[in-house]
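S.K.: Dropping a structure here in structure tokens format, bear with me for questions.
Laboratory data are not the source of any read-out in this text; all were calculated from the coordinates shown. Computed from a predicted model, the values in this text were never measured in an experiment. Positions of Cβ are backbone-derived with ideal geometry, glycine not excepted, and every protein chain shown enters the neighbour counts.
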Amino acid sequence: MEKELFGLLGVIVGFVLNLIYGTWGKRNQKKQEQYYLAVVVTLQLDRFFDNAVKLCSDNGMKDEHGDYCPSVPYPELELPGSEVNWRCLPQNVMKDILWMPETIREALLVIDSIREHRAERPDFDEFYEARQYEFAKIALTANELSSKLRKIVALPDRIVGDQFFKPLEFLSNKVMEIEKVRNDREQYDRIIAEQLSGLRPISD
């Protein structure tokens, strides 16, 4: 009877230990996957951020026809695919990162529409304004997501800028400045429209 009892106890202890080791192993694997994914993705987000900062300083250069053409290309975000385990991240962070390419695509559509229908030669001011506005916002999001990933896996914080140039402040100011310009422009257009409507000829 004692042998059977000890045998049963051994089975139970073995089962519990396997369960504990299995759970620990899964957690350890998840941490390793998180760390690898965070390293890869933060590199891409930081690179995108740096290139977006350059774009937000670009007002174009004159070509042979006198038109201002972009001198800085659009920043690209190259995220890893199915070779990494995206599900090891918190859902909200995973969603926000994976949605970034769509956000960029939508921004490009807005910019192209403004260039085609509103921007005027040779300066194309509203086109460059749209480029800087859209990518300043996306760059700030990219930096925020990079910071979140670093905290999740305890990576060191990234030092952004120096005493001479503070990119985060630059981008935030860029967004606010353009929003003010757009609000002033809309207000001016509204006033002009109201004045023109008051000049309508009186019908007989």
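S.K.: Quick one: if the Förster radius is 25 Å, what FRET efficiency do S57 and Y36 give, using the C-beta to C-beta distance and rounding to 0.05?
M.R.: 0.15
S.K.: Sticking with this structure for a sec: For the pair A154 and N183, how long in nm is the line joining their label points, each one 7 Å along Cα→Cβ?
M.R.: Inter-label distance under the simple model: 4.4 nm.
S.K.: Put a dot 7 Å past each Cα toward the Cβ at E76 and Q29; how far apart are the dots in nm?
M.R.: 3.4 nm
S.K.: What lysines sit close enough to K148 to cross-link, taking a C-alpha to C-alpha distance under 28 Å and skipping anything fewer than 8 places away on the same chain?
M.R.: K26, K30, K31, K54, K95, K137, K166, K174
S.K.: Going by average Cβ density within 10 Å per residue, which order do the peptides 143-152, 88-97, 61-70 take, highest to lowest?
M.R.: Final packing ranking: 143-152, 88-97, 61-70.
S.K.: Next up: Would you please give the FRET efficiency between Q163 and A193, computed as 1/(1 + (r/R0)^6) with r the Cβ-Cβ distance and R0 = 45 Å, to the nearest 0.05?
M.R.: Once the sixth-power term is evaluated, E becomes 0.45.
S.K.: Still on this structure, I have one more. Give me the distance in nm between label points sitting 7 Å out from Cα along the Cα-to-Cβ direction at D67 and D46, one decimal.
M.R.: 3.9 nm
S.K.: Is segment 28-197 best put as rounded, prolate or oblate by its Cα gyration tensor, with a ≥ b ≥ c the root eigenvalues, rounded for a/c under 1.5, and otherwise prolate when a/b is larger than b/c, oblate when not?
M.R.: prolate
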